[in-house]
Amino acid sequence: MHLVKKLLSISLAALALLGACGSKSDKDSATAQAAADSPAPLADAPAFSADSAYSFVERQVAYGPRVPGSEAHTRTAQWLASQLRGRGAETTVQEADLKAFDGTVLHARNIFGRFAPENPRRVLLLAHWDSRPWADNDPDPANHTKPVPGANDGASGVGVLLEMARLLQQKQPAVGVDILFVDAEDYGTDGDDLSWALGARHFVENPPVEGYAPEAVVLLDMVGGKDARFAREQFSAYYAPGLLNSVWAAAERVGESARFTNEIGGMITDDHREFQNAGLQAIDIIEYCPDTGFNPRWHTLADDMSGISAETLGAVGRVVTEWLYSQK
Ligand code: AHN
Ligand code: ZN
């Protein structure tokens with residue numbers, strides 16, 4: 001086929017994918033074809049293991065819902081800190097009693113691991129690790145007072161970052177990396193933006209390092225769903241367009257443009273907002289379709305391992321790895 005015609009047919013195929021959030025039409029072959037036609041040099045990075053990330057998600061879910069105040073919460077905090085320490089990160093646990101919207105005092109723990117702390121250049125990767133105490137989107141109202149398993153909502157982002165920590169032990173990128181597992185994100189209530197992201201707000205207001213100002217902040221939230229698509233979250237696009245573009249460009253280099261799309265996403269109240277409010281460049285990689293919203297398992301009892309895809313975890317991991325190790 002003539003080259004121009006071929007390019008045209010590829011871009012038409014790509015365009016056809018843009019419309020339907022959640023459709024699975026041939027996107028993998030289109031992406032593979034596009035990648036083969038325009039090979040871009042990839043960063044020299046250790047290989048991200050999707051299976052390893054999956055097992056880190058499984059391990060968290062096995063503790064039970066990580067609801068603040070529960071035994072599962074305390075035990076998971078200890079395990080997460082020991083994981084970061086075991087990978088060689090300088091690890092601290094920031095503890096705080098935070099008042100929730102309903103008056104409950106949450107004993108929160110932000111778990112912070114620093115790789116190459118002597119490097120003055122910093123990037124921050126974060127995910128929330130707590131589980132929502134109420135499955136208030138469950139189809140059965142009897143479940144609305146039960147906690148969610150939090151496989152996608154919480155454990156997926158943490159699982160990807162635990163695997164990143166394993167890579168960071170093998171090889172340091174040019175920038176120093178901090179990993180933050182933030183607590184008390186999911187104790188919020190609809191219509192009250194300030195009721196969410198309590199742990200992130202506390203971290204930003206009480207930085208464990210004086211003058212802490214990473215040059216980029218990347219939040220992973222709900223990054224394990226089957227056939228997940230990541231549209232461009234609107235607060236990220238507005239407050240951190242350069243960072244968003246550089247991560248999405250990394251996605252293109254690793255052939256993941258079908259998952260990291262150019263669609264306009266939601267305006268999501270999430271941990272990244274706290275960092276944006278502090279004037280930092282922060283983005284949220286989150287599964288949210290403009291037409292259908294969050295994953296249908298979101299805040300239901302079905303947010304368990306049966307909704308987790310190693311392929312999605314691997315795709316997100318490869319994108320973040322490529323972005324991180326390509327930093328100059
Ligand atoms: C709101 O529903 C306003 N924000 C969603 C933030 C969130 C909850 N992420 C995971 N669980
Ligand atoms: Zn949630």
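Note on the chain: dipole from Cβ charges, positive end direction compared against Gly157, Val61, Thr145; the farthest Cα belongs to Gly157.
Do any GluC sites (Glu not before Pro) in the stretch 50-134 lie in a loop, going by DSSP, with at most 16 other beta-carbon atoms within 10 Å of their beta carbon, and if so which?
On the way: sites: Glu58, Glu71, Glu90, Glu95, Glu118; in loops: Glu118.
Here the GluC sites (Glu not before Pro) that fit, given the DSSP loop and packing criteria, are Glu118.
Put a plus charge on the Cβ of each Lys and Arg, a minus charge on the Cβ of each Asp and Glu, and nothing anywhere else: the dipole of the stretch 153-279 about its Cα centre is then about 640 debye.
List the GluC sites (Glu not before Pro) in the stretch 154-233 that DSSP assigns to loop (not H, G, I, E or B) and whose Cβ has at most 14 other Cβ atoms within 10 Å. Which are they?
Working: sites: Glu163, Glu185, Glu205, Glu210, Glu215, Glu233; in loops: Glu185, Glu210, Glu215, Glu233.
Within the stretch 154-233, the qualifying GluC sites (Glu not before Pro) (loop, at most 14 other Cβ atoms within 10 Å) are Glu210, Glu215.
Element breakdown for the chain at a 1.4 angstrom probe: carbon and sulfur atoms account for 54% of the accessible area. So which aspartates and glutamates pass the test for Lys146, namely a Cα distance under 14 Å, with those fewer than 8 places away in the same chain ruled out? List returned: Asp136, Asp138, Asp186, Asp303, Asp304. In whole angstrom, how far apart do the alpha carbon centroids of the stretch 187-219 and the stretch 259-328 sit? Each part reduced to its Cα centre gives a spacing of 17 Å.
Which whole-number percent gives the relative contact order of the chain, counting Cα pairs below 8 Å spaced six or more residues apart? Could you put the intermediate results ahead of the total?
Working: 685 pairs, mean separation 79.4, N = 328.
Dividing the mean separation by the residue count of the chain yields 24 percent.
Where nothing but the Cβ of Lys and Arg (+1) and of Asp and Glu (-1) is charged, how large is the charge dipole of the chain around its Cα centre, in debye to the nearest 20? Walk me through the numbers before you get to the answer.
On the way: 28 positive and 44 negative charges, 220 e Å.
For the chain, the charge dipole is close to 1060 debye.
At R0 = 45 Å, how high is the FRET efficiency between Ala174 and Val105 if r is their beta carbon distance? Nearest 0.05 is fine. Computed FRET efficiency for Ala174 and Val105 comes out at 0.60. May I ask for the net charge around Ser246, where only other residues with Cβ less than 12 Å from the Cβ of Ser246 are counted and Lys, Arg are +1 while Asp, Glu are -1? My count for the surroundings of Ser246 gives -1.
May I ask you to give the solvent-accessible area per residue for the chain, in square angstrom, as obtained with a 1.4 angstrom probe?
Details: 13660 Å² over 328 residues.
For the chain, the per-residue accessible area is 42 Å².
Subtracting the Cα-Cα distance from 0.36 nm times the residue separation, let me have the gained length for Arg75 to Asp190 in nm, one decimal. Walk me through the numbers before you get to the answer.
Working: separation 115, 0.36 × 115 = 41.40 nm, distance 2.88 nm.
Full-extension gain reported as 38.5 nm.
For a quick check of your reading of the filter: which chymotrypsin sites (Phe, Trp or Tyr not before Pro) in the stretch 174-222 sit in a DSSP loop and have no more than 16 other Cβ atoms within 10 Å? Numbers along the way, then the final one.
On the way: sites: Phe181, Tyr187, Trp196, Phe203, Tyr212; in loops: Tyr187, Trp196, Tyr212.
Those that pass, being in a loop and sparsely packed, are Tyr212.
The values are calculated or read from the model by the stated rules, or taken from the named source; none is laboratory data. Every value quoted in this text rests on a predicted model; they were computed, and no experiment measured them. Here the Cβ is made from the backbone with ideal geometry for all residues, glycine too, and neighbour counts use every protein chain on show. Note: areas computed on protein heavy atoms with side chains; ligands, DNA, RNA excluded. Shrake-Rupley method; radii C 1.70, N 1.55, O 1.52, S 1.80 Å.
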